[in-house]
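Below is one structure, written out as structure tokens, with a few remarks after it.
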Amino acid sequence: MRLIYSLEYMLSEEELIQKCIGGDRMAQKELYEKYSPVLFTLCLRYMPSTEEAEDVLIMGFTSIFSKLETFKNEGSFEGWMKRIIINIAITTLRLNKKHYEMKNENESIEKKKNILSDNGNMIYSQINAKFILSQIQQMPTGYRTVFNLCIIEGYSHEEVAMALGVEQATVRSQLSKARKMLQKKLQIFR
């Protein structure tokens, strides 16, 4: 007998996890639908394109489902999943480092978003989370990764250096440059 979940009967997080561990496809689908929007936004912050963010999301959920038995109900389940996604994003960035460096070098300034209206006045309403995310995505890979880990995720310089396999001075330098780059892009709104 196959159990189909409906909106009338929502599983608790713990029940959902247990059913996913048991291989219940409907529970896995529910877990994916519940958390994929948040985790996809996280992927977009690290990856330079939507397609690459989708790839990281898929790899992330594959890893999440294979590691569910290791979740010990200590702390936030969402936080645990985010850590897995971040680790996969960092690994993907490391493996594709040369690809991203070439892509950043070849990217032209004309591709940048033009946020001026027809009469030359700023469109202030366009400065929102989506705009800022697009500006972060346009940063070189190293800057974007360090900015996300330090500023958005709240990791220390030491933790970021260890995760990326670089010196703390490199983390501080890239974070400083990323901040300046983002501030410069946002100065046009002042």
Neighbour-count ranking [beta-carbon atoms within 10 angstrom, fewest first] of Tyr143, Tyr32, Tyr46
Tyr32, Tyr143, Tyr46
Once fully extended, how much extra length lies between Asn73 and Ile21, figured as 0.36 nm per residue of separation less the alpha-carbon to alpha-carbon distance?
17.4 nm
Which value in nm describes the separation of the simple spin-label points at Gln137 and Leu186, placed 7 Å from the Cα toward the beta carbon?
1.8 nm
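Every read-out reported here was derived from the displayed coordinates using simple, explicitly stated rules and does not represent laboratory data. These numbers were taken from a predicted model, which means no experiment stands behind them. With ideal geometry, Cβ positions are generated from the backbone for all residues, glycine too; neighbour counts draw on all protein chains shown.
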